[in-house]
Structure formats: C-alpha cells, structure tokens
Amino acid sequence: MYGAGPREAIAVVGQAAGRELTYRPVPAQQYGEQLTGFGVPLAEAAFLVELFEPLLDGRNAYLSTGVQDVLGRAPRDFADVAREAAGTGVWKS
C-alpha cells in the first residue's frame, strides 16, 4: 500500500472493519470554516488550515525511509495494521 492516499487507506480500514467507508475530501478552507462553526477559535482553525493544506494537496506524496531509519526495521503493511486494529474491536459500532 506504499504511496496510497487517504481514499485507499479508508478503503483498507473499511475492509478490515467489515463495513463500507467512504472518503470525502474537504477543501482546507471549508474545513477551517467547519471548525469555527464548531466553536474552534479562528486563530486555531487558521493554523490547522495552514498545516493541513500542504499535507493534503499532493506535494508531500512521496515515499521515504523514515520508518526504517527511526525504528531500524522495515515498515509494516497498512492493511496488516488495520486488520490488527479491527481485531481489537475498536471500530465496532
């Protein structure tokens, strides 16, 4: 699953949890507006928009060796992690 985006990650979680999940992207500015609508202070919402915008626009979509470098082992497959989490019952409704 290396290099997959949020849509693929949500599909993997849904499969592991045994239910259909749908990823719906929300533009960063709309996210900020929703946050302030929920009572998040404007300055905090603006900070989060500034933080998430470059994370979600694709400019950071590349593979790195961070897990290997920090943990000294190969990264685990996300599908395995999702199945393990689902086995704990964390996503049961």
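The values are calculated or read from the model by the stated rules, or taken from the named source; none is laboratory data. Fair warning: this is a prediction, and the values are worked out from it, not measured in the lab. No Cβ is skipped: glycine too gets one built from the backbone with ideal geometry, and neighbour counts run over all protein chains shown.
Mind checking whether some residue in region 46-69 is touching a Phe, Trp or Tyr at 6+ places or on another chain (Cβ under 9 Å) and loosely packed, with under 14 Cβ neighbours inside 10 Å?
Yes, region 46-69 contains a residue that is touching a Phe, Trp or Tyr at 6+ places or on another chain (Cβ under 9 Å) and loosely packed, with under 14 Cβ neighbours inside 10 Å.
Taking region 14-48 as the search range and keeping residues that are modelled with pLDDT under 95 and of a type in the set (Val, Ile, Thr), which one is nearest to GLU84 (Cα to Cα)?
THR22
Scan the helices (runs of 4 or more DSSP H) fully inside the chain and keep the ones with 1 or more residues being touching a residue at least 60 places away in the same chain (Cβ under 8 Å).
By residue number, 6-17, 78-87.
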